[in-house]
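The block underneath contains the structure these notes are about, expressed in structure tokens.
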Amino acid sequence: MLTVITGGSKCGKSSIAEDILSRFNGKKIYIATMEPYCKEAHAAIERHREMRLGKGFETVEKYTDIHELDLPDRCGVLLECACNLMANEMFSAGEKEPVRKIIKGIGKLSERASEVIIVTNSVGEDGIEYPKETMDYIKNMGILNCALSERADRVIEAVYGIPVMLKGSLWQ
């Protein structure tokens, strides 16, 4: 089962993702992709750690190269988040084909895990023209989000903490 959860900033995506995976019976893996590069990143990481405290998640920090992860069979996975992963692949690792690489990695996760939940963001909706590197990132995120949503069994948009089903049903 592949689930994509999207939405704007601070709209409840992570809470919805964690609620879904909390119902999974089996080993739960939380793949954290945010590199702790500044004060705000450290605060966000700490906030997410507190959110999942006591929920039975094993946290794996993996900022790039998710295809390298060796997961236990039939586990549940929450990847938080595709946007950080894309930024890391593009800007930290200098990956030339980040969309292809991330899709390959998520495909590998899906082969091993029974449940894969990907948190992503709606980007590029503000209509602002940014510097080329940022526009390349926004373009890649759009391509990635479309590809993931096409493959997904369910797609959820978080709106003020409310899961709005775009594809599939919430409790499949």
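Of the residues 157, 115, which single one is touching a Ser or Thr at 6+ places or on another chain (Cβ under 6 Å), surrounded by 17 or more Cβ atoms within 10 Å (Cβ to Cβ), among the acidic types (Asp, Glu) and modelled with pLDDT of 95 or more? Lay out the reasoning, then the answer.
Working: 115 fails: touching a Ser or Thr at 6+ places or on another chain (Cβ under 6 Å).
Sole residue among the options that is touching a Ser or Thr at 6+ places or on another chain (Cβ under 6 Å), surrounded by 17 or more Cβ atoms within 10 Å (Cβ to Cβ), among the acidic types (Asp, Glu) and modelled with pLDDT of 95 or more: 157.
Looking at 127, 161, can you tell me which residue is without any contact (Cβ under 8 Å) to a residue 40 or more places away in the chain, of a type outside the set (A, V, I, L, M) and at positive phi?
When all the criteria are applied, what remains is 127.
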| When both residues are 6+ apart or on different chains and their Cβ atoms are under 6 Å apart, which pairs have a first residue that lies in the stretch 1-27 and is touching a residue at least 40 places away in the same chain (Cβ under 8 Å), and a second that is buried (at least 20 other Cβ atoms within 10 Å of the Cβ) and part of a loop (DSSP other than H, G, I, E, B)? | 2/152; 4/152; 6/120
| said: Which count do you get for residues in the stretch 36-62 that are at pLDDT 80 or above, touching a strand residue (DSSP E or B) at 6+ places or on another chain (Cβ under 9 Å) and among the charged types (D, E, K, R)? | reply: 3
| said: Being loosely packed, with under 15 Cβ neighbours inside 10 Å, modelled with pLDDT under 95, over 14 Å from residue 3 (Cα atoms) and polar (S, T, N, Q): is that true of residue 92 here? | reply: yes
| task | Look at the stretch 65-89 and say how many of its residues are in contact with a Gly (Cβ under 9 Å, 6 or more places away or on another chain), under 28 Å from residue 138 (Cβ atoms) and assigned to a loop (DSSP other than H, G, I, E, B). | result | 2
| request: Give the stretch 17-54 a look and list any residue that's closer than 24 Å to residue 107 by Cβ, in a helix (DSSP H, G or I) and over 12 Å from the mean Cα position of the chain (by Cα), or say none. | output: 20, 21
| Looking at 110, 114, 122, 149, which one is under 16 Å from residue 87 (Cβ atoms) and either without any contact (Cβ under 8 Å) to a residue 24 or more places away in the chain or not β-branched (Val, Ile, Thr) (or both)? | 122
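Matching residues to (1) crowded, with 21+ Cβ neighbours inside 10 Å; (2) over 25 Å from residue 153 (Cβ atoms):
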position: 5; (1), (2): yes, no
position: 9; (1), (2): no, yes
position: 54; (1), (2): no, yes
position: 71; (1), (2): no, no
| query | Between a first residue in the stretch 41-59 that is charged (D, E, K, R) and a second residue that is not in a helix (DSSP H, G or I), which pairs have beta carbons less than 6 Å apart while being 6 or more apart in sequence or on different chains? | reply | 58/29
| remark: Here the residues within the stretch 123-154 that are surrounded by fewer than 17 Cβ atoms within 10 Å (Cβ to Cβ), in contact with a helix residue (DSSP H, G or I) (Cβ under 6 Å, 6 or more places away or on another chain) and either β-branched (Val, Ile, Thr) or farther than 20 Å from residue 12 by Cα (or both) are 143, 147
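The values are calculated or read from the model by the stated rules, or taken from the named source; none is laboratory data. Worth saying up front: this structure is predicted, and the values here are computed from it rather than measured. Here the Cβ is made from the backbone with ideal geometry for all residues, glycine too, and neighbour counts use every protein chain on show.
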